[in-house]
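Have a look at the structure below, then the notes.
The values are calculated or read from the model by the stated rules, or taken from the named source; none is laboratory data. Just so it is clear, the structure is predicted and the values come from calculations on it, not from any experiment. For neighbour counting, all protein chains shown are included, and Cβ atoms are generated from backbone atoms with ideal geometry for every residue, glycine included. Protein only, heavy atoms only, side chains kept; ligands, DNA and RNA dropped before computing areas. Shrake-Rupley method; radii C 1.70, N 1.55, O 1.52, S 1.80 Å.
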Amino acid sequence: MSKPQVGKKKEIYKYNAPWTVYGMNWSVRPDKKFRLALGSFIEEYSNKVQIVQLDEESGDFILRSTFDHPYPTTKIVWIPDERGHYPDLVATSGDYLRVWNVSNDEVKLETLLNNNKNSDYCAPLTSFDWNEVDPNILGTSSIDTTCTIWGLETGQPIGRVQGHVKTQLIAHDKEVYDIAFSRACSGRDTFASVGGDGSVRMFDLRHLEHSTIIYEEAQHTPLLRLAWNKQDPNYLSTFALDSMETIILDMRMPCTPVARLSNHRAAINGMAWAPHSSCHICTSADDHQALIWDIQPMPRAIEDPILAYTAEGEINNVKWATNQPDWIAISYNKSVEILRV
C-alpha cells in the first residue's frame, strides 16, 4: 500500500465517526460504489449504524443515513447482490439478526429474526453470513452453541422481506464464534463454523445429521473467525483467541494447516481474502498493522507479507471490497480508512 500521492486520485481516504467503529462492510451493488455501513461500539443500549459513501470528486465521505441499533453490531453484511436484482438490503447481528431496507438513503427495519419465540431471553449472536450462491439464505452463530440457517423471502411482488428458520443445529460443544458459507458452486449447502472448543467444523444442509471436524487447536484455544477463499473453495483461514498468526487450511488435507502467517506482533482481529485472486489475503491486528500476503508458495513456508500498512491505532476489522478489488477498508478507534492496494 503506497503513500498518498499528490494528484487527482488519492491512495487513502479517511472517515471519522462520532464513536468507536466495530462492525463494518462494503456494499456490493454496482451502482453504489465506495459505500460502507459502519456500526458503533457503545457500552449502553444506544448504538448506531451509519451508511457513508465516498464522493470521488471531493474526496470526502458523505453521511447518507444513520439508524439506531440496540447493542453493538457483531457483524454487518450487505446482500450479496452484484447485479442489483434484489431490494437494497443490509443485515446486522447483535441480540437478533435484523434485515434493513435502504431506499433513497432512508433505512427501515424489514424483519427481525428471532429464534426464541417462547422466551424473552435471547442468546447473543456472535456473527452471521449471507449466502452468496443463494441470497435467500443466511446463517447465524450464537453463544448458545447453535447455528441457525434462515430462509428469507425478499418478496419482490409485495415488496416485503420476511424470514423463517430453515434449521437450527447444535454446532459446537461451546460458544460458536463465526459461521461462513463456502464460495463453491455447491456453497448453497456447505458451511463451516468455529467456536470456543477450538475446532473448525464443516456442515452440509442436505445431511445435517453429522458434521466433519477439519481442524482442531491442540490446546483447544477458542477460534474466533473463519473466512473462505473467494476464488478457490479448497482454502479457508482462521485464527485463535489472542493469537498472532493466521492459519490457512486446505480442505483436501484437513487437520494440518497448510500455512501459518505469523508476522503480526499483537493479537489478530481480522482477515479478508481478495475477491479477485485465490492467493492473496489481508490480516489485521492490535499491532496497528494490515498485512497483505501472497500464499502462492504453499506448501513452502510464507515468511513475509508482500505489503504492509500501519494505522494510527489497533485495527479491529478489515474488509476487501467485492466489486472494487483495488480497495481495502480498515477500522480502528473512531476511524475508517480505505486503502488503494
(message) Just to confirm a number: summing +1 for Lys and Arg and -1 for Asp and Glu over residues other than VAL194 whose beta-carbon lies under 11 angstrom from that of VAL194, what do you get?
(response) -2
(request) Could you pull out every residue, at least 5 positions away or on a different chain, whose amide H is within less than 5 Å of the one on GLY270? Hs are placed 1.01 Å off N in the peptide plane, and Pro or chain starts have none. (result) SER284
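Share of the chain's accessible area from carbon and sulfur, percent, 1.4 Å? List each step's numbers first, then the result.
On the way: 6940 of 14790 Å².
C and S fraction of accessible area: 47 percent.
Can you tell me how much longer the chain between ASN104 and THR310 gets when fully stretched, taken as 0.36 nm per residue apart minus their C-alpha distance, in nm with one decimal? Provide the component values of the computation, followed by the final result.
Working: separation 206, 0.36 × 206 = 74.16 nm, distance 3.58 nm.
Full-extension gain reported as 70.6 nm.
Hey, with R₀ at 45 Å, roughly what FRET efficiency would GLU153 and ARG300 work out to, going by the Cβ-Cβ distance, to 0.05? Could you put the intermediate results ahead of the total?
Numbers: r = 48 Å, r/R0 = 1.07.
The calculated FRET efficiency here is 0.40.
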(request) Among VAL133, PHE239, THR92, flag the residue with its Cα farthest along the positive direction of the charge dipole of segment 12-340, charges on Cβ as +1 for Lys/Arg and -1 for Asp/Glu. (result) VAL133
(message) Report the Cα centroid-to-centroid distance between segment 230-290 and segment 302-341 in angstrom, as an integer.
(response) 14
(request) Determine the sum of side-chain charges near SER141: Lys and Arg each +1, Asp and Glu each -1, restricted to other residues whose C-beta is under 9 angstrom from that of SER141. (result) -3
(request) Name the residue farthest towards the positive end of the dipole of segment 12-340 from the options GLN168, LEU291, LEU152, assuming +1 on Cβ of Lys and Arg, -1 on Cβ of Asp and Glu, about the Cα centre. (result) LEU152
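Distances longer than 23 Å among the Cα atoms of segment 21-123: what percent of all pairs is that?
Details: 1399 of 5253 pairs.
So the portion of pairs separated by more than 23 Å is 27 percent.
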(message) Looking at the chain as a GNM with Cα springs under 10 Å, which of ARG35, ARG83, ARG188 has the largest mean-square fluctuation?
(response) ARG83
(request) Collect residues whose amide H, placed 1.01 Å from N in the peptide plane, falls under 5 Å from the amide H of GLY94; neighbours closer than 5 in sequence don't count. (result) THR74, LEU125
(request) Send over a whole-number figure in Å² for the accessible area per residue of the chain, probe 1.4 Å. (result) 43
(request) Given the options ALA123, ALA290, ALA321, state which has the largest fluctuation in a GNM of the chain using a 10 Å cut-off (strictly under) for Cα springs. (result) ALA123
(message) Placing unit charges on C-beta atoms (Lys and Arg positive, Asp and Glu negative, everything else neutral), compute the dipole magnitude of the chain about its Cα centre in debye, rounded to 20.
(response) 700
(message) To check my understanding: the extent here is largest minus smallest coordinate of the Cα atoms along each principal axis. What are those three numbers for the chain, in Å, largest first?
(response) 59, 53, 38
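Rounded to the nearest 0.05, what FRET efficiency do LYS14 and THR167 have when you use their Cβ-Cβ distance and R0 = 45 Å? Could you put the intermediate results ahead of the total?
Details: r = 42 Å, r/R0 = 0.94.
Approximately 0.60, to the nearest 0.05.
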(request) Quick one: net charge around ARG183, please, counting Lys, Arg +1 and Asp, Glu -1 for every other residue with C-beta under 12 Å from its C-beta. (result) -1
(message) I need the phi-derived Karplus couplings for segment 196-212: 6.51 cos²θ - 1.76 cosθ + 1.60, θ = phi - 60°, integer Hz, Gly and Pro marked x.
(response) x, 8, x, 10, 9, 10, 10, 10, 10, 4, 7, 9, 7, 6, 9, 10, 10
(request) Under a 10 Å cutoff between Cα atoms, tell me which one of ILE76, ILE306, ILE42 has the largest fluctuation in the Gaussian network model of the chain. (result) ILE306
(request) Quick one: which residues, 5+ away or cross-chain, put their amide H under 5 Å from the amide H of ASN25? H built at 1.01 Å from N. (result) ALA37
(request) Would you work out which of LEU339, ILE143, SER27 lies farthest towards the positive end of the dipole of segment 12-340? Charges go on Cβ: Lys and Arg +1, Asp and Glu -1. (result) SER27
